[in-house]
Amino acid sequence: MLTLIRSDINDATKASTATFLTALVANAIVFAVEIGVFTLIRPYFKSIYEPRTYVPPEEYVKTGLSFTPLTPWKEAGEVLDAP
């Protein structure tokens with residue numbers, strides 16, 4: 001059977017140092033795990049975490065748009081050719 005627990009402002013005085021320290025330790029563990037996972041996976045995602053140092057493979061590098069005057073058809077072709 002489900003037992004309902006009633007809570008009001010008078011019950012708020014039951015918090016203790018032990019409950020505070022338990023919450024503090026639990027949150028410190030979660031924080032340490034998140035920082036550890038971030039530190040381990042960050043080198044594998046350079047395009048996200050270090051975008052200025054990320055260079056794609058040569059086959060994906062586009063030289064840029066041509067400097068000749070473009071007609072709307074040539075411009076559309078240049079844009080569609082871009083990766």
Contact list, first residue from segment 31-51 and surrounded by 10 or more Cβ atoms within 10 Å (Cβ to Cβ), second anywhere and basic (Lys, Arg), beta-carbon distance below 7 Å, six or more apart or interchain, is Tyr49/Arg42
- Does segment 29-45 include one or more residues that are modelled with pLDDT of 75 or more and not in a helix (DSSP H, G or I)? yes
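The values are calculated or read from the model by the stated rules, or taken from the named source; none is laboratory data. Bear in mind the structure is a predicted one, so any value in this text is a computation, not a measurement. We place every Cβ from the backbone using ideal geometry, glycine too, and count neighbours over all the protein chains shown.
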